[in-house]
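Nothing in this text is a laboratory measurement; each read-out follows from the coordinates by a stated rule. Computed from a predicted structure; not experimentally measured. Because the Cβ atoms are built from the backbone with ideal geometry, glycine has one as well, and the counts that use them run over all protein chains shown.
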Amino acid sequence: MTAPVSNPVSPNSGVARRIDVKNLNIYYGSFLAVKDVSMTIQPNKVTALIGSSGCGKSTFLRSLNRMHELVAGARVEGSVTIDGVDIYAPTMDPVVVRRQIGMVFQNPNPFPTMSIYDNTAAGLKLNSKRMKRSQMDTIVEKALRGAHLWEEVKDRLDKPGSGLSGGQQQRLCIARATAVEPEVLLMDEPCSALDPIATLAIEDLIDELKQKFTIVIVTHNMQQAARASDMTGFFNIEHSGDPGQLIELDETEKIFSNPVHQETEDYVSGRFG
Amino acid sequence: MTAERGIASSAAGSGRIPRWAPWAAILGTAVVLAAILTLIGFNIALLLVGTAVFSTVAIYLWARAVEGHRQGLDRAITMGISSLFALAMVPLISLLWTVASKGIDRIDVEFFTTSMRGVINDGGGILHAMTGTLIITSLATLASVPIGIMAAVYLHEYGKGKLKKILTFFVDVMTGIPSIVAGLFAFALFAIFFGPGIRMGVMGSVALSVLMIPIVVRSTEEMLRVVPDGLREASFALGVPKWRTVTKVVLPTAMAGIVTGVMLAVARIIGETAPLLITTGAFSSVNLNPFSGRMDNLPVFAYNQYRNPGVPPEPFIERAWAAALVLILIVMVLFLVARFISRRYGTELR
């Protein structure tokens, strides 16, 4: 039962974690949005969640870092443990959980009043981590290099974060998320607002990042899941208004060539969705 | 107009009326109307309104004959709206012209550097009134801005359920309070402790605060609403607690808009006369202490000069107009600065 170690340079231990989900039910008030999901997310691997619109993939993703409960009336039943630590334990502070799990959103959202440097360091600065300027410089450069953005912005680190192109902004958001060295990185359709070139750059980036983090990515784009992930989970919903369910989780190759369930086969071959 | 259906019949009429047509219509109608009115009794109002109405009709008929029914209607509506706008501008321009022409006589160095201390007739100035307005408005702003912004932050970021509804309702009610009522409230409040004869600069600030707080709350709430939720989510996802998200992400993003809103609120209350009449009183010398004694200010000064002129009345009336002109100029400067800030520092939010 290892709790994350915090030290002045990196707030997290920088070790990729394994996530175990058992019988997770996610509610919006009294409406059951996601029903009875049990799965294991492997460390240092990319797990893609696919499925048609409205079947609960994003809701499930948000429950992994307790962002889901920011909606009024939202709650979960069941357990989510990260390397054995129950993140929904009553004594667990959701803010602490979110510091250890990073998230990248569909629409790039760099902070408009902050420079590129400040944006990257936001995870540290906004949490008032006191550190020497040189230490922070190192962290920012490392994060921007890791996001393949350093070469493009190194001469204008003090310019506002909103002055970049869409693809660059998304890479900035990834740099911001990785700068704090979270143990898990969640990505909610990170490429859906980007052009194919930027998408390719980000997929390459994800491939590199998995060596350091555990990555879960929700995507609408089946081909992206086939390209970029090691494991794939297929979510589906029976009728509109029913809760979403995890139908199958397996190695990507298997899901796309020889899935166990007929629904999965139907979805990946394009018969619906 | 032929009765054919189809593309051919929907084409415009045979030609277009010339570019100068609307002006010709206005000029022509004005000339004709002026001629008629000179015969039956000239009346500038009738001339203006008549020109507006008849030139619209004239341009409609002209355009319809030459261009087609739809174009004719289009031109007529354009003309009509433009005329209405011009008519609406007339009182504003008339007001500005009157104040400027009557007030300009006293705009001199003496006016801005002396007070009315020892002045019986000629001369004198508004130094005491200007310092009074500055002090009273500054105190009101100092009180209203923190309260207003914090209330708006609560209502937008934290509030929910019944308490939020009740507070929103009361803020809405407060925006409609007549200024004299705010003044009476401040007067009654201080009369409890000091008796009914009390007059102080700070009483005026209290009255103005009551008027200013709901304006600041409303405009700040609007600005907070404009900040995209995506920014808050990004901050939460980094594990930033809510209060820090508000102070370090949301408020800085909304700050330019909030500052603009505050400046507009100041411009609104700076000319309120009724509450200040009964709370601050009038005084001929400079008084820099808002907690002791009467303090004159621009609107009350202008009122008193006009209402109680001495003999001869001319210097008093002149001073009143000049004070009013100064007030208008101050408000204009505040508006311009507000626009500048909003344009220069406002963040483009996608």
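Based on the alpha-carbon gyration tensor of the stretch A:1-141 and its eigenvalue square roots a ≥ b ≥ c, which shape applies: rounded if a/c is under 1.5, prolate if not and a/b is larger than b/c, or oblate? Cα axes put the stretch A:1-141 in the prolate bin. Plainly put, the protein assembly as shown has a radius of gyration that is 1.13 times its Kirkwood radius, both from alpha-carbon atoms, as the Rg/Rh ratio. Using Cα-Cα distances under 8 Å and only pairs 6 or more residues apart, what relative contact order does the stretch B:7-105 have, in percent? Relative contact order here is 29 percent. For chain A, averaging the sequence separation of C-alpha pairs within contact (under 8 Å, six or more residues apart) and dividing by the residue count gives a relative contact order of 28 percent. When you filter the chymotrypsin sites (Phe, Trp or Tyr not before Pro) in the stretch A:231-273 for DSSP loop state and at most 14 other Cβ atoms inside 10 Å of their Cβ, you are left with A:Phe272. Other residues within the sphere of radius under 15 Å centred on the Cβ of A:Val85, judged by their own Cβ, net out at +1 (K and R +1, D and E -1).
If a spin label sat at a point 7 angstrom from the Cα of A:Glu151 along the line to its beta carbon, the backbone N atoms of the stretch A:183-213 nearer than 17 Å would be those of A:197-206, A:208.
Applying the Kirkwood pairwise sum to the alpha-carbon positions of the stretch B:171-309 produces a hydrodynamic radius of 17.2 angstrom. Counting Lys and Arg as +1 and Asp and Glu as -1 over every other residue whose Cβ lies under 11 Å from the Cβ of A:Asp36, the net charge comes to +1. Our summary gives the stretch B:274-344 a relative contact order of 22 percent, counting only alpha carbon pairs under 8 angstrom and 6 or more residues apart. Qualifying GluC sites (Glu not before Pro) in the stretch A:229-263, where qualification requires a DSSP coil assignment and no more than 15 other C-beta atoms within 10 Å, comprise A:Glu238.
Listed by Cβ neighbour count within 10 Å, with the fewest neighbours leading, B:Ile147, A:Ile26 appear as B:Ile147, A:Ile26. Taking other C-beta atoms within 10 Å as the exposure proxy, B:Thr137, B:Thr279, B:Thr273 rank B:Thr273, B:Thr137, B:Thr279 from fewest upward. Distance from the alpha carbon centroid of the stretch A:141-188 to that of the stretch B:190-265 works out to 33 angstrom. Shape of the stretch A:87-132 from the C-alpha gyration tensor: oblate (a/c of 1.5 or more and a/b not above b/c, with a ≥ b ≥ c the square roots of its eigenvalues).
Using the crude model of +1 on Lys and Arg Cβ and -1 on Asp and Glu Cβ, and no other charge, please compute the dipole size for the stretch B:7-105 relative to its Cα centre, in debye to 20.
In debye, rounded to 20, the stretch B:7-105 gives about 220.
In this calculation the C-beta distance from B:Ser94 to B:Leu27 is compared with R0 = 30 Å, giving a FRET efficiency of 0.85. Under the simplified labelling scheme, the B:Phe42-B:Lys164 pair shows an inter-label distance of 6.4 nm, with each label point 7 Å from Cα along Cα→Cβ. Quick check on chain B: take the gyration tensor over C-alpha atoms, sort the square-rooted eigenvalues as a ≥ b ≥ c, and tell me if it's rounded (a/c under 1.5), prolate or oblate. Verdict is oblate for chain B. Spatial offset of the stretch B:103-162 relative to the stretch A:24-89 amounts to 56 Å, using the alpha carbon center of each. Would you work out which of A:Val71, A:Gly161, B:Gly281 lies farthest towards the positive end of the dipole of the protein assembly as shown? Charges go on Cβ: Lys and Arg +1, Asp and Glu -1. My answer, from the dipole projection, is B:Gly281.
Spin-label model, B:Glu222 to B:Ile328: label points 7 Å out along the Cα-to-beta-carbon direction sit 2.5 nm apart. Electrostatic bookkeeping for B:Val216 treats Lys and Arg as +1 and Asp and Glu as -1; over the other residues with beta carbon under 13 Å from its beta carbon, the sum is 0. Taking label positions 7 Å along the Cα-Cβ direction at both A:Ile197 and B:Ser292, the computed distance is 7.4 nm, reported to one decimal. Just to be sure I understand the curve: with the Debye formula and one point per C-alpha of the stretch B:85-140, what is log10 I(q)/I(0) at q = 0.20, 0.21, 0.23 Å⁻¹? Reported log10 I(q)/I(0), two decimals: -0.83, -0.85, -0.89. Scanning chain B for DSSP H helices at least 20 Å long along the axis (C-alpha atoms) with a Kyte-Doolittle mean no lower than 1.0 picks out B:21-40, B:44-66, B:127-153, B:179-194, B:201-226, B:251-269, B:314-345. A Förster radius of 45 Å combined with the Cβ-Cβ distance from A:Asp86 to B:Leu142 puts the calculated FRET efficiency at roughly 0.35. Cα axis of helix A:166-179 to longest principal axis of chain A: angle in degrees, 0 to 90, nearest 10? Long axis of A:166-179 versus the principal axis of chain A: about 80 degrees. A full extension of the chain between B:Leu61 and B:Ala188 corresponds to an added length of 39.3 nm, given 0.36 nm per residue minus the alpha carbon distance. Using Cα atoms only, what is the angle between the long axis of helix A:196-209 and the major principal axis of chain A, expressed in degrees (0 to 90) to the nearest 10? Once rounded, one gets 80 degrees.
Once Rg and the Kirkwood radius are both taken over the C-alpha atoms of chain A, their ratio Rg/Rh works out to 0.97. Available extension along the chain between B:Asn308 and B:Asp172 is 45.2 nm, counting 0.36 nm per residue and deducting the alpha carbon span. At R0 = 41 Å, how high is the FRET efficiency between A:Asn221 and B:Ile81 if r is their beta carbon distance? Nearest 0.05 is fine. For A:Asn221 and B:Ile81, the calculated efficiency is 0.25.
Here the residues B:Leu84, A:Leu186, ranked from fewest to most Cβ neighbours within 10 Å of their Cβ, fall in the order B:Leu84, A:Leu186.
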